[in-house]
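*Asks:* Below is the structure I would like to discuss, written out as structure tokens.
The values are calculated or read from the model by the stated rules, or taken from the named source; none is laboratory data. All values reported here derive from a predicted model rather than from experimental measurement. As a convention, Cβ positions derive from the backbone with ideal geometry for all residues, glycine included, and neighbour counts pool all protein chains shown. Side chains included, ligands, DNA and RNA excluded: accessible areas come from the protein's heavy atoms. Shrake-Rupley method; radii C 1.70, N 1.55, O 1.52, S 1.80 Å.
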Amino acid sequence: MKIINAKVFDTQTKCFDSRTVFTNKTQFSDISSDDIVIDLKGKFIVPGFIDMHLHGACGADFLDANLDSLSKIATFLAKNGVTSFTPASMTVSKEELICAFSNAKNFKCSENESSFEGIYVEGPFISENKAGAQKIECILKPDEKFIDDLDAASGGLVRTVVIAPELDGAMDFIKKYKSRYNLSLGHSSCDYKTALESMDLGVSELTHSFNAMPPINHRAPGPVLAAFDSGNVYAELICDGTHIHDAVIRMMFNLFTDRLIMISDSMMAAGLEDGEYALGGQAVFVKDHVARLKDGTIAGSVSTLYDCFIHTVKTAKVKIEDALIACTKSPAVKLGIFDKVGSIDLSKRADFIVLNDDLSINSVCLRGKFIS
């Protein structure tokens with residue numbers, strides 16, 4: 001396929017260049033593998049988005065532990081510009097997690113489904129004080145056999161593990177697994193000093209920054225500024241207009257620049273109407289585009305990553321180039337898959353979104369084929 005008259009986003013220069021894009025079957029190439037020519041008449045081409053932290057969409061959840069649910073999620077994501085994803089678990093029983101992880105091992109994405117790139121383990125190694133929408137009764141101290149069993153059940157698909165570093169045994173866990181997984185500080189009550197210590201030992205990410213962790217205080221800077229000071233820790237951010245104030249979104253982009261990762265943290269109500277749903281075995285009530293537990297606790301989001309991108313650019317007034325890096329290159333780098341996705345470069349997977357001048361999605365190309 002030969003695509004002409006396109007404004008193509010370059011993740012290295014963070015600029016849009018007018019150039020021709022070629023695909024050879026499923027990859028970007030320097031020559032077309034067929035006679036197809038597409039004239040985009042000045043529209044934008046950006047890399048396919050990568051959502052590394054979400055729970056579900058369109059009535060399905062990763063913990064449903066069936067292939068149909070994963071297929072529904074992957075199809076929904078692809079239509080909405082997310083071409084790669086790592087779904088997240090919740091703090092539930094080990095038996096439930098084993099079922100979901102075993103199911104994931106058997107999932108193979110079809111032609112119109114987003115590429116499944118691994119599993120994000122959110123809990124059970126978290127603080128009871130910052131449980132959020134997680135089940136307190138299923139919280140555990142860091143347990144090596146527990147995570148080894150989950151990874152074995154999934155066939156080695158675990159990519160990210162959330163941990164509260166103040167828990168007994170957490171620092172030893174971090175030292176042991178720092179080279180094997182992305183270790184992400186989350187659902188934690190830890191202070192700046194403890195956070196920085198955990199980052200020196202191997203924690204390299206913040207799980208949905210500010211949510212389920214101490215805030216920034218001028219005398220108690222907390223884990224977010226520990227991550228900034230560390231110099232190499234990436235920060236996730238839910239930019240849906242509910243979880244984070246727009247001023248804080250702007251601040252985080254200024255602080256972390258290319259270490260900022262936008263996530264949706266979407267639950268099964270994404271793409272559906274207001275009503276009652278579930279997340280991690282708990283009832284969730286969605287009203288006016290906000291998901292909450294019965295006690296009012298925010299429980300994930302009902303936004304897509306593309307929705308978050310639009311909010312970040314049009315409402316929070318972040319530069320489009322910075323927002324695109326946070327949806328493409330940064331998550332790809334953190335997941336260790338930037339060699340195959342996250343930019344429009346030769347030999348990488350031909351995943352991209354065509355955007356209109358108003359930034360609405362015109363079409364999505366998945367592994368070299370247009371699906372919308």
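*Asks:* Which one of these does Ile136 not meet: (1) surrounded by 15 or more Cβ atoms within 10 Å (Cβ to Cβ); (2) at pLDDT 95 or above; (3) within 15 Å of Thr91 (Cβ to Cβ)?
*Replies:* Only one criterion is unmet by Ile136, namely (1).
*Asks:* Pairs needed: first member in segment 268-290, free of Cβ contacts under 8 Å to residues at least 12 places away in the same chain; second member anywhere, hydroxyl-bearing (Ser, Thr, Tyr) and part of a strand (DSSP E or B); C-beta distance under 9 Å; at least 6 residues apart or different chains.
*Replies:* Final answer for the pair search is Ala283/Tyr277; Phe285/Tyr277.
*Asks:* Name the pairs whose Cβ atoms lie under 6 Å apart, with the first residue in segment 128-141 and free of Cβ contacts under 8 Å to residues at least 12 places away in the same chain, the second surrounded by 13 or more Cβ atoms within 10 Å (Cβ to Cβ) and assigned to a loop (DSSP other than H, G, I, E, B), and 6 or more positions between them or separate chains?
*Replies:* So the pair list comes out as Glu128/Ile139.
*Asks:* Within segment 135-152, can one find any residue that is assigned to a loop (DSSP other than H, G, I, E, B) and under 18 Å from the mean Cα position of the chain (by Cα)?
*Replies:* Keep residues of segment 135-152 that are assigned to a loop (DSSP other than H, G, I, E, B), which gives 135, 139-143.
Going one step further and asking which of them are under 18 Å from the mean Cα position of the chain (by Cα), we end up with none.
No - not one qualifying residue is present in segment 135-152.
*Asks:* Could you look through segment 22-72, keep only residues that are under 20 Å from Ser363 (Cβ atoms), hydroxyl-bearing (Ser, Thr, Tyr) and surrounded by fewer than 20 Cβ atoms within 10 Å (Cβ to Cβ), and pick out the one that is modelled with the lowest pLDDT?
*Replies:* So, considering only residues that are under 20 Å from Ser363 (Cβ atoms), hydroxyl-bearing (Ser, Thr, Tyr) and surrounded by fewer than 20 Cβ atoms within 10 Å (Cβ to Cβ), the one modelled with the lowest pLDDT is Ser33.
*Asks:* Residues of segment 203-237 being open to solvent by less than 50 Å² (accessible area, probe 1.4 Å), closer than 20 Å to Thr312 by Cβ and in a helix (DSSP H, G or I), which ones?
*Replies:* Val224, Ala227, listed by residue number.
*Asks:* Also, quick follow-up: Given the options Ser89, Ser115, name the one that is open to solvent by less than 50 Å² (accessible area, probe 1.4 Å) and farther than 17 Å from Val364 by Cβ.
*Replies:* Criteria check complete, one pass: Ser89.
*Asks:* Conditions: (1) within 18 Å of the chain's Cα centre (by Cα); (2) modelled with pLDDT of 95 or more; (3) open to solvent by 10 Å² or more (accessible area, probe 1.4 Å). Leu260 meets all but one. Number of the miss?
*Replies:* (3)
*Asks:* For segment 1-53, give me each residue that is of a type in the set (Lys, Arg) and not in a strand (DSSP E or B).
*Replies:* Of everything in segment 1-53, those that are of a type in the set (Lys, Arg) and not in a strand (DSSP E or B) turn out to be Lys14, Lys25, Lys41, Lys43.
*Asks:* If you check Asp200, Asp168, which single one turns out to be in a helix (DSSP H, G or I), open to solvent by 50 Å² or more (accessible area, probe 1.4 Å) and more than 27 Å from Asn66 (Cβ to Cβ)?
*Replies:* Asp200
*Asks:* Quick check: anything in segment 93-104 open to solvent by 50 Å² or more (accessible area, probe 1.4 Å), of a type outside the set (Gly, Ala, Ser) and part of a loop (DSSP other than H, G, I, E, B)?
*Replies:* No, there is no match, as no residue in segment 93-104 is open to solvent by 50 Å² or more (accessible area, probe 1.4 Å), of a type outside the set (Gly, Ala, Ser) and part of a loop (DSSP other than H, G, I, E, B).
*Asks:* Select, from Ser84, Ser69, the only residue that is under 26 Å from the mean Cα position of the chain (by Cα), closer than 30 Å to Asp143 by Cα, of a type in the set (Ser, Thr, Tyr) and in a strand (DSSP E or B).
*Replies:* Numbers: Ser69 fails: in a strand (DSSP E or B).
Every option except Ser84 fails the conditions.
*Asks:* Contact list please: Cβ distance under 6 Å, first residue in segment 11-37 and free of Cβ contacts under 8 Å to residues at least 40 places away in the same chain, second residue hydroxyl-bearing (Ser, Thr, Tyr) and part of a strand (DSSP E or B), pairs at least six apart or on different chains.
*Replies:* Phe22/Ser29
*Asks:* I'd like the full set of residues that are outside any loop (DSSP other than H, G, I, E, B) and open to solvent by less than 10 Å² (accessible area, probe 1.4 Å), limited to segment 264-282.
*Replies:* Result: Ser266, Leu279.
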